[in-house]
Amino acid sequence: MGFNPLKEIGTPIEKQFKNWEKLNITPYDKNAVDPYTRTRIILMNGIEVEAALFLHQMARHTQDLQSRQILASARRVEQQQQKMINWLSPGNESVLETTIGYEQVAVDLTAWLARTEPDPYVKQALDFALLEDFDHLYRYANALDMSGKKAEEICGGYTEIFPGRPTSAEHRHPFDSIRYHVDSQKADPLTLLHILVIVSGEQQTMNFYMNAGNTQTDSLSRGLYQEIAMIEEQHVSHYESLADPRDSWWKRLLMHEYCECYMYYSCLQYEQDQHVRSLWDQGLSEEVEHLRLAADLYKKHEGKDPEEVLPSEMPEPVKFEQNKEYVREILEKQVDFTGDGPEMKRVSELPENNRYHSYQSTVNSGAVPSQEIIQKHIDQFGTDYRFESEGPHPLEAYRRREAVTA
C-alpha cells in the first residue's frame, strides 16, 4: 500500500505556529540553486497562496463559528508556510530573473501534467496553454539577454527557449477562455488534482506579473509584463473553468488540503537540497493535520466518508523534468490553435466574422510589446535570443532569426 495521508498522524495544529526567527528563513544562492529546486519553490508558493485565498473565501461563506475558527487556524499556518517558502527566494534575484523561473515552471509543470493526464479534454486544455507559456519564456528571455544574462543559465539547459504560439496571437475574447467543466463524481482523482495544481500555478504567475510588472523602468518592459499578464488571466479563467462548480465548499476544502499533501509529498520525492527538503517534510506533516481537520468538517457538514472521495493512496507525484521532445511535438501539431467557445480550434477553421478576429484587431491595433521586444533584440544583436539544444525550430516558418515572425 502506498502513502495515504488520511492514515498518517500529522503535527497537531497548536504546535504548528512559528516564531519570527523560524519564519525568516535563509534564502537560496541564486547562482548555485538547482533550477528545479527553484521551480518547486515557485510552485509551492503558488499552492500556499491559493490555500490561503481559498480559506478566506470559504470563511466568507461559512456561518458555523466553530468551523470558521478551525479554518482560521489552518489559514494562519498556510500563511506562515507561504512566507517561509517565498522567503527562500533571495533579494538579489531580479524580477526578470525570477520571471524566467516562473515561465520554466509553467512549461515543465504543464507538460508533465499533460503527459500524465487521463482525461483527453483536460489534456487538450493543458497542451493548449503549454505552447503559450513556452512563448512567454522566449519573450522574457530576449529581454533578459539584453540585460546581460542568459536565460538558459537560469533554466539549467533543461528547457529549450524559442518561439511557441506567438503571444500576439494568444489574445482571445473572454468567452473563448471558458471550457467545459469536469464531473467530479466521475473524474479520475488525478484529474481533479491536476486542475487544482495548474490553477494555483497560473494564478500565482498572474498575481506576480500584476504586482511586479510596474517595477520595470522602461516602457517596453512594462508593456511586455502588461501584455503577458493579460494572457495569464486568460489561463486562470481557462483552467479554473475545468473544475466542477457543483462541488460543495466542504468537498472543495477536502480536495484543497489533499492537494497540498500531494504537492508536499511530490516535492519530497525529488528534492536534493537538504535545507529546502526539510521545509517540504515539515509542510507535509502539517498538511496531514489540516487534511484530518478538513475530513472531520466534511463528515460533520456533509455526513459522508472522505475516503469515498479521496484516493486510497497518493497518485504518481508531480515531477519537474525535461520535456523538450514533448513540447516540440505539441508545437508541431497545435501552434495555430485558438479558443472558440469551450472548444479549441485552428484559427483557419474560424469564419471571418468570428469574435477572435475582432478582439485581435482591437488589442493589437497599435504596437505589440511581445513583438517589439524581439525586434529590439534583433536591432541590438542581429538575431533573436534562443536556446535550441535539440536542433532548429520544429516549424520552418519560425526558423528565421533576423526578423520578427510573429
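Couple of notes before you dig in:
- Residues being in a loop (DSSP other than H, G, I, E, B) and within 29 Å of the chain's Cα centre (by Cα) - total across the stretch 1-14: 6
- Conditions (1) touching a strand residue (DSSP E or B) at 6+ places or on another chain (Cβ under 7 Å); (2) open to solvent by 10 Å² or more (accessible area, probe 1.4 Å); number of the one not met by residue 246: (1)
- Qualifying residue in the stretch 161-173 (condition: touching a residue at least 24 places away in the same chain (Cβ under 8 Å), out of contact with any strand residue (DSSP E or B) (no Cβ under 7 Å at 6 or more places or on another chain), over 17 Å from residue 338 (Cβ atoms) and open to solvent by 20 Å² or more (accessible area, probe 1.4 Å)): no
Let's see how each residue does on (1) open to solvent by less than 10 Å² (accessible area, probe 1.4 Å); (2) touching a residue at least 40 places away in the same chain (Cβ under 8 Å):
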site	(1), (2)
186	no, no
192	no, yes
213	yes, no
218	no, no
238	yes, yes
270	no, yes
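- In this entry, residue 279 is excluded by the filter for residues that are within 30 Å of residue 129 (Cα to Cα) and buried (at least 16 other Cβ atoms within 10 Å of the Cβ).
The values are calculated or read from the model by the stated rules, or taken from the named source; none is laboratory data. Bear in mind that the values here come from a model prediction, so they are computed numbers and not experimental data. FYI the Cβ positions are ideal-geometry reconstructions off the backbone, even for glycines, and counts take in every protein chain you see. Accessible surface is based on the protein model in full, side chains and every heavy atom, while ligands, DNA and RNA are left aside. Shrake-Rupley method; radii C 1.70, N 1.55, O 1.52, S 1.80 Å.
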